[in-house]
1. Between Val56 and Thr76, what is the FRET efficiency for a Förster distance of 41 Å, r being their Cβ-Cβ separation, to the nearest 0.05?
2. Taking the Cα-to-Cβ direction at Met1 and at Thr68 and moving 7 Å from each Cα, how far apart do the two end points lie in nm?
3. Mind checking the log10 I(q)/I(0) for segment 16-70 at q = 0.15, 0.16, 0.32 Å⁻¹? Debye, one equal scatterer per Cα, no solvent, two decimals.
4. Before anything else, pin down the relative contact order of segment 16-70: Cα pairs under 8 Å, at least 6 apart, normalised by residue count, whole percent.
5. Which ³J(HN,Hα) values in Hz, rounded to whole numbers, follow from the phi angles of segment 40-50 under the Karplus curve 6.51 cos²θ - 1.76 cosθ + 1.60, where θ = phi - 60° and Gly and Pro get x?
Amino acid sequence: MNVVERAKAPTPKFFKVLRTIGLALLAVSGSIVAAPVALPAVVVTVAGYAAVAGGVLSAVSQITVDDTLRQAQDDTRGNKKDEVKPETDVGGNG
């Protein structure tokens, strides 16, 4: 499963909530960093770190996949990637 498939796959509810929190954190910290008024350097620095944390939290939450839903979708489409196929004797084993 590549990154695009993971991003399009269903996300568990817990990670949807985390993604929303990360986006909100990113928005608030972005507005603090871009504020037209003079703010203390500590506040701007913390806002910068919060923006990075919010971005990472949102990205990781987006690519987290609910395998049970994905497997159910694959089963309804006829894709059975997890099936074990019997091995054939290639020769040279005895």
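Every read-out reported here was derived from the displayed coordinates using simple, explicitly stated rules and does not represent laboratory data. Remember, it's a predicted structure, so these values are computed and weren't measured experimentally. Please note: Cβ atoms are built from the backbone with ideal geometry, for glycine as well, and neighbour counts cover all protein chains shown.
1. Values: r = 34 Å, r/R0 = 0.82.
Plugging the Cβ-Cβ distance into 1/(1 + (r/R0)^6) gives 0.75.
2. 1.4 nm
3. After summing over all Cα pairs, the log10 values are -0.47, -0.51, -1.13.
4. Details: 45 pairs, mean separation 29.3, N = 55.
Relative contact order, segment 16-70: 53 percent.
5. Taking θ as phi minus 60°, the curve returns x, 4, 5, 5, 5, 5, 4, 5, x, 5, 5 Hz for segment 40-50.
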